[in-house]
Every structure is written in C-alpha cells, then in structure tokens.
C-alpha cells in the first residue's frame with residue numbers, strides 16, 4: 001500500500017499522511033495531481049488517500065473506496081431513542097454497565113449500538129483482522145462528529161484491537177465479557193447491503209466453527225450471539241436460539257452461557 005493526500009491538500013494533511021504511512025509501515029507518495037488510478041497502476045499497490053474529513057482506501061480493481069462512516073448506526077440510534085425495537089440489542093440483551101466483545105468489528109455499526117446501550121460504565125471492545133481497516137476504524141471512531149453527542153461519546157468509548165478473533169479469544173480468561181458477538185461476512189451475499197459492499201474485497205474471512213464457538217462460550221458470561229443470513233445453517237448446526245423476523249434478510253441467534 002502507498003499513502004498519499006487528497007487532490008486539494010495542505011501542509012497539515014501532508015504531515016498527517018506521512019505519519020500514517022509510518023504507522024502502517026507504508027510508503028508516502030506525493031500526489032502531484034495524479035489520479036488515484038494512475039498512482040495505483042504506477043506502484044501496483046493499494047492507495048490510502050488522506051483527506052481533510054476522511055481517509056479513503058482504494059484497493060486493487062476496487063470500484064469504490066473503503067472509508068469509515070457509522071453506516072446504519074445513525075438511523076438505528078434515532079429509532080432506538082424514540083422507543084422502537086432494536087433487534088441487535090434484543091439479541092444481545094445488553095444493558096448499562098455490561099461488557100461486549102465484537103469479534104467481527106468491520107465499520108463498528110453494531111459496536112456503536114452496544115456502546116450506547118452499555119453506557120459510560122460499560123466496556124466495548126472490537127476485534128478486526130485487517131490491519132488497515134482496524135486503523136481506519138480506530139481513527140474514525142475517535143474523530144467522527146455526528147449531530148448526536150451521545151453517539152460521539154459512544155464511539156470514543158470503543159476499544160479497537162487488530163487481531164484474528166480465534167487467537168484473541170484463546171488468550172482471554174474465562175468469563176471475560178458478558179456478551180461475545182459474531183457478524184461474519186455472509187456466505188450468501190445480500191444485494192441490498194450497499195453500505196458494506198466495499199468490505200467484501202478486504203474482509204478477513206475467518207471461519208466461524210465449533211472451536212470458535214467453544215472459546216466464545218468460555219469467554220462469555222451471559223451470551224454468545226451470531227448474526228447471519230436467514231438461510232444460514234450455522235444456527236441449527238451449533239444450537240442457536242434464532243430470533244426470526246419475517247421481512248429480514250438476516251437473523252440473530254444466541255446461546256445462553
């Protein structure tokens with residue numbers, strides 16, 4: 001990967017780009033009015049573009065960049081605060097003061113909801129296998145400004161860790177978190193999920209298997225929760241209680257610990 005700046009830049013952005021390149025062990029390249037495509041072809045590498053408001057990651061042959069944004073969390077928060085049902089929070093049964101481990105962080109949409117529900121006294125950690133995505137999300141959570149101060153506070157409380165979740169779980173002590181959560185990339189693609197479409201090309205596809213579940217149940221004090229496609233066989237295979245929703249493309253399942 002190479003790191004460069006947006007088309008319109010300044011000295012501050014250049015220094016930020018250089019620092020990020022150093023953090024990630026990448027090469028900083030001056031933009032010099034070149035297009036992202038030409039830079040990618042010239043160096044035959046992915047391109048991370050540092051702009052004023054966001055950082056964009058252009059993968060090889062990608063039609064659109066990956067960048068941090070709260071994704072669906074924005075409207076989910078509004079609905080939840082208005083008293084509407086939030087299926088994720090029903091499945092996880094999170095309340096103030098609880099601890100939550102997100103083993104498949106992605107863009108952290110579910111972790112933001114978890115942080116809101118568990119509040120200042122809660123603990124929310126998110127594991128992301130992809131080093132660059134973990135870096136972007138960590139930076140984004142610390143800097144994104146939404147219109148809701150509660151959401152901003154919730155994002156700042158999330159601890160982002162770059163690791164493979166199987167290894168991370170194995171190193172944790174028994175009963176380390178109240179809830180352990182998995183939202184693996186679905187085997188069957190949901191065409192409507194445009195918000196996460198760019199992640200398909202860069203997601204670390206770590207298998208959810210019996211060994212993973214055993215470790216998760218050891219680490220979780222209350223529940224292990226799985227989000228998966230409504231046609232997924234994992235729910236029945238591993239004994240999850242499924243919360244079915246008639247019009248939903250995905251369901252939540254949980255196992256009481």
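The values are calculated or read from the model by the stated rules, or taken from the named source; none is laboratory data. Since the structure is predicted, the reported quantities are computational estimates derived from the model, not experimental observations. Neighbour counts are summed over all protein chains in view; Cβ atoms, including those assigned to glycine, are modelled from backbone coordinates with ideal geometry.
Structural remarks
- Against the conditions (1) surrounded by fewer than 22 Cβ atoms within 10 Å (Cβ to Cβ); (2) under 12 Å from the mean Cα position of the chain (by Cα); (3) within 30 Å of residue 26 (Cα to Cα), residue 142 satisfies every one except (2).
- Each residue in the stretch 244-257 was checked for being in contact with a strand residue (DSSP E or B) (Cβ under 9 Å, 6 or more places away or on another chain) and either free of Cβ contacts under 8 Å to residues at least 24 places away in the same chain or buried (at least 17 other Cβ atoms within 10 Å of the Cβ) (or both), and 7 of them qualify.
- Of residues in the stretch 209-228 being over 11 Å from residue 257 (Cβ atoms) and surrounded by fewer than 18 Cβ atoms within 10 Å (Cβ to Cβ), the one nearest to the chain's Cα centre (by Cα): 209
- The lone exception for residue 181 - which of (1) at pLDDT below 95; (2) in contact with a helix residue (DSSP H, G or I) (Cβ under 8 Å, 6 or more places away or on another chain); (3) surrounded by 18 or more Cβ atoms within 10 Å (Cβ to Cβ) it fails: (1)
- Where helices (runs of 4 or more DSSP H) fall entirely within the stretch 62-122, those with at least 3 residues that are within 20 Å of residue 254 (Cα to Cα) and assigned by TED's automatic domain parsing to the domain that holds residue 172 are at 87-92, 109-118.
- Residue pairs meeting the criteria (Cβ under 7 Å; at least 6 apart or on separate chains; first under 21 Å from residue 95 (Cα atoms), in the stretch 139-161; second in a loop (DSSP other than H, G, I, E, B)): 152/145; 152/146; 155/144; 158/108; 160/105
- Hits in the stretch 122-137 - residues which are modelled with pLDDT of 95 or more and within 13 Å of residue 156 (Cα to Cα): 122, 123, 124, 125, 126
- Flag for residue 180 being assigned to a helix (DSSP H, G or I) and either in contact with a strand residue (DSSP E or B) (Cβ under 9 Å, 6 or more places away or on another chain) or on the phi < 0 side of the Ramachandran plot (or both): no
- Of the residues making up the stretch 11-48, those that are loosely packed, with under 14 Cβ neighbours inside 10 Å and under 25 Å from the mean Cα position of the chain (by Cα) are 19, 22, 23, 25.
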